[in-house]
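Chemist: Sharing a structure below in structure tokens format, with a few things to ask.
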Amino acid sequence: MNDFDVVIVGAGFAGMYMLHKTRSMGLSARVFEAGDGVGGTWYWNRYPGARCDIESMEYSYSFSEELQQSWKWTERFAPQPEILKYANHVADRFDLRRDIRFSTRVSAAHFDASSARWTVRTDRGDVVSAQFVIMATGCLSSTNMPAFPGLDSYRGERYHTGEWPHEPVDFAGKRVGVIGTGSSAIQSIPIIARQASQLVVFQRTANYSIPARNAPLDPQYEARIKAEYPDFRARNRQMQGAFGSANPRNEVPALTSTPEDHRREFDKRWERGGLGFNGAFNDLMINQQANDIGRDYVAQKIRGIVKDPAVADLLAPRQVLGCKRICVDTDYYATFNAPHVELVDISQGGIEAITPTGVRAAGRTFDFDALVFATGFDAMTGSILKVDIRGRDGLALKDAWSAGPRTYLGLNVAGFPNLFTISGPGSPSVLTNMIISIEQHVDWISGCIRWMREQGKRTIEATVSAQDQWVDHVNAVAGMTLYPTCNSWYLGANVPGKTRVFMPLLGFPPYAQTCERVAANGYEGFAAA
Ligand code: N01
């Protein structure tokens, strides 16, 4: 059996930086990656129109000044192929591939208390031992394919946005159905519509989408950022979501502002485009009445774009603005003005069945040449729980999490020594610029391992009481907001049977400070032996 200091599961942005960091500490590491290349979510999500909703100058590693100075983004919001190219560039630049086993999925990780080591098994028969196991499995990497009746009977082409083929898919002249209206659907629908002869979109819940206003990256802006990149990064780390310091939240409540103020601020942000729309007022996520003002603004915008009032009405979201992650699009709403594009409301009956030739829904039957499932992910816990993880006394992680994920700091689970989760549930993760959260976690885990070596400790694990308090804290923070009011994937509500728990923690800066304090106090809340 091969012995390593560290086994890392996944070679997305988290796994790559973790590998780089462990190597720089002189530790031996092995990464296992299910795909045949690096990039994680950007390796799998190759659907038409896939691009990041965080601006390019921010959605990249900050740990290497040489890297951030030398890489050139071409657009304000980077498209998936360019982000994948960047991931490959990083892998080459830091010579990462030699420690990554591609096309290999970790199937099990079991802890042995007597040796204080993990035994890790893969679907290709590898059995390796490691002191530390680090789950760098990504938050949105386990696709959600609902068990629609008749799914397997379908005879046409079938795609899931989260597992898109590597070869381009040609929809020219085809009748296409898209199920779902989340970010993936909203990005791909306008492009599919340009090719397809007929496009039918099945919508269960109308979503909020803000124009991206994507454009070639302004060279002057790029030069300005690069002239002070470390300061720019530092400012962004002070933001709630670790991004967007150039367009911060307007620290004024909507409730005490006038209708003219509302229009001016929302107009400004709608014109600027992107996720900053949600920062128009500081009470949007904590006060329903304030949020209603934002909701009505978006509905009125949709009515201005979509010509058929009945379609515009269907597209106008009802739930709290920002409760589900808002989408960022190019021409999404306008696509429904095309005569060959139809929106079908399935909010009442859902998809009744998939048939051999298409879909039955809303009391009608539809025939398609191709069906696109844009039905999202088993977020945050899906990929972790796919691995048979057993901690002390054979405790299975899926049992420890049977009532929803429980972690301390989103980094470790009581009873699972030396197992770390990068951007795990209970950490800010998906509510932030993921790469910055990843860096913060990797740096913290590395510091912890270094401390253990210095102190001669073999194991570290969260205490049950620290974990209980942390879970209560994450819930209490979410409970002060409107986030828990809708069926979002943040709550696991998109996956039938998944326990409804708000999984990410709001607020990057206080979280990062807490992690620093915990470390400075000798890893407070952890037991090390
Ligand atoms: O997935 P989603 P996504 N019957 O879960 C519908 C990130 N991302 O892949 O809302 C019928 O948002 C579901 O309906 P409902 C980003 O963080 C980022 O689009 O549950 N419909 C919904 O409309 C994003 O939030 C980018 O009622 C069903 C859709 O499928 C996250 O990934 C781009 C159904 C799923 O939407 C997930 O986005 C893309 C059923 N049984 C993704 N089950 C960027 O821009 C589900 N649906 C960086």
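Chemist: Considering only 28, 52, 80, whose Cα is most displaced toward the positive end of the charge dipole of region 1-91, charges sitting on Cβ of Lys, Arg (+1) and Asp, Glu (-1)?
Modeler: Final value for the positive-end residue is 80.
Chemist: Under a no-solvent Debye model with one identical scatterer per Cα of region 1-141, what's log10 I(q)/I(0) at q = 0.16 Å⁻¹?
Modeler: -0.83
Chemist: Still on this structure: When ranked by the protection proxy of mean other Cβ atoms within 10 Å per residue, highest first, what sequence do the peptides 170-177, 521-528 form?
Modeler: Ranked from most to least packed, the peptides come out as 170-177, 521-528.
Chemist: How high is the relative contact order of region 316-415, given as a whole-number percent (alpha carbon pairs under 8 Å, six or more residues apart)?
Modeler: It comes to 10 percent, rounded to a whole number.
Chemist: Within the accessible area of the chain, what % is carbon and sulfur when the probe is 1.4 Å and the other protein chains stay in place? If you can, show how the numbers build up before the last one.
Modeler: Working: 10400 of 20870 Å².
The value for the chain is 50 percent carbon and sulfur by accessible area.
Chemist: Please report, in debye to the nearest 20, how large the charge dipole of the chain is about its Cα centre when each Lys and Arg carries +1 at its beta carbon and each Asp and Glu carries -1 there.
Modeler: I would put it at about 320 debye.
Chemist: Could you tell me which residue out of 242, 178, 276 lies farthest along the dipole of the chain toward its positive end? Charges go on the beta carbon: Lys and Arg +1, Asp and Glu -1, centred on the Cα centre.
Modeler: Comparing the listed Cα positions along the dipole, 178 ranks first.
Chemist: Going by average Cβ neighbours within 10 Å, how do the peptides 508-518, 53-63 rank, with the highest at the top? Walk me through the intermediate numbers first.
Modeler: Working: 508-518: 17.2, 53-63: 21.2.
Per-residue mean Cβ counts within 10 Å order the peptides as 53-63, 508-518.
Chemist: Which of the lysines could be linked to residue 268 by a straight reach, that is with a Cα gap under 19 Å, when you skip same-chain ones fewer than 8 residues away?
Modeler: Counting by Cα, and skipping residues close in sequence, residue 268 has these lysines nearby: 301.
Chemist: Residue by residue through region 68-76, what is 3J(HN,Hα) from phi via Karplus (6.51 cos²θ - 1.76 cosθ + 1.60, θ = phi - 60°)? Round to whole Hz and write x for glycine and proline.
Modeler: Result, rounded to whole Hz: 5, 7, 7, 6, 10, 8, 9, 10, 4.
Chemist: Counting Lys and Arg as +1 and Asp and Glu as -1, each charge on the Cβ, what is the dipole of region 305-403 about the Cα centre in debye, to the nearest 20?
Modeler: Roughly 400 debye for region 305-403.
Chemist: Once the convex hull of the C-alpha atoms of region 294-423 is built, how many Å³ does it hold per residue, rounded to a whole number?
Modeler: 185
Chemist: Can I ask one more? Taking the alpha-carbon set of region 374-473, what are its Rg and Dmax in Å?
Modeler: In Å, with Rg to one decimal and Dmax whole: 13.9, 49.
Chemist: Quick one: what are the phi-derived ³J(HN,Hα) couplings along region 182-187, Karplus 6.51/-1.76/1.60 with θ = phi - 60°, whole Hz, x for glycine and proline?
Modeler: Ordered by residue, 3J(HN,Hα) equals x, 4, 5, 5, 5, 6 Hz.
Chemist: To the nearest 20 Debye, how big is the dipole of region 414-529 about its Cα centre, given +1 on the beta carbon of each Lys and Arg and -1 on that of each Asp and Glu?
Modeler: Once rounded to the nearest 20, the dipole reads 200 debye.
Chemist: Report, by chain and number, residues whose modeled amide H sits under 5 Å from the one on residue 75, excluding near sequence neighbours (fewer than 5 apart, same chain).
Modeler: 217
Chemist: Still on this structure: Relative to the longest principal axis of the chain, what angle (0 to 90°, nearest 10) does the C-alpha long axis of helix 13-24 take?
Modeler: 20
Chemist: Convert each backbone phi in region 383-394 into a coupling constant with the Karplus relation 6.51 cos²θ - 1.76 cosθ + 1.60 (shift: θ = phi - 60°), then list the ³J(HN,Hα) values in order as whole Hz, x for Gly and Pro.
Modeler: Result, ordered by residue: 6, 5, 6, 5, 8, 6, 9, 10, x, 4, 6, x Hz.
Chemist: Turning to a different aspect of this structure: Per residue, how much accessible area does region 53-136 show when a 1.4 Å probe rolls over the protein heavy atoms, in square angstrom?
Modeler: That works out to 39 Å² for each residue.
Chemist: Only loop residues by DSSP count here, and only those with at most 15 other Cβ atoms within 10 Å; note down the trypsin sites (Lys or Arg not before Pro) in region 183-262 that meet that.
Modeler: 213
Chemist: Which whole-number value in Å² is the accessible area per residue of region 380-500, probe 1.4 Å?
Modeler: I get 36 Å² per residue for region 380-500.
Chemist: Which whole-number value in Å² is the accessible area per residue of region 247-375, probe 1.4 Å?
Modeler: I get 44 Å² per residue for region 247-375.
Chemist: Non-local amide H neighbours of residue 28 (under 5 Å, H modeled in plane, Pro and chain starts lacking H): which ones?
Modeler: 5, 6
Chemist: Let me see the pair-distance distribution of the chain: every alpha carbon pair, 10 Å bin width, integer percents in order.
Modeler: 4, 18, 28, 27, 17, 6, 1
Chemist: Which order, highest average first, do 9-20, 149-160, 178-189 follow once you tally other Cβ atoms within 10 Å for each residue and take the mean per peptide?
Modeler: 9-20, 178-189, 149-160
Chemist: Relative to the longest principal Cα axis of the chain, at what angle does helix 508-520 sit, 0 to 90 degrees, rounded to 10?
Modeler: With rounding to tens, the tilt is 10 degrees.
Chemist: Taking Rh as the Kirkwood radius, which is the inverse of the mean 1/r over Cα pairs, what is the Rg/Rh value for region 167-234?
Modeler: 1.20
Chemist: Still on this model: List the cysteines in the chain whose Cβ has no other cysteine Cβ under 4.7 Å from it.
Modeler: Cys with no partner Cβ under 4.7 Å: 52, 139, 327, 448, 515.
Chemist: Once the Cα atoms of helix 288-305 and of the chain are each reduced to a long axis, what angle between those two axes, in degrees from 0 to 90 to the nearest 10, is obtained?
Modeler: The angle comes out near 50 degrees.
Chemist: 5 Å is the cut-off here: which amide hydrogens, built 1.01 Å from N in the peptide plane, fall below it relative to residue 389, excluding neighbours closer than 5 in sequence?
Modeler: Placed amide hydrogens put 109, 397, 398 under 5 Å from residue 389.
Chemist: Would you please classify the overall shape of region 449-529 from the alpha carbon gyration tensor, given that a ≥ b ≥ c denote the square roots of the eigenvalues, rounded means a/c under 1.5, and beyond that prolate means a/b larger than b/c while oblate covers the rest?
Modeler: prolate
The values are calculated or read from the model by the stated rules, or taken from the named source; none is laboratory data. Nothing here was measured: the structure is a model prediction, and the numbers come from that model. Reconstructed Cβ throughout: ideal geometry from the backbone, glycine too, with neighbour counts over all protein chains shown. Protein only, heavy atoms only, side chains kept; ligands, DNA and RNA dropped before computing areas. Shrake-Rupley method; radii C 1.70, N 1.55, O 1.52, S 1.80 Å.
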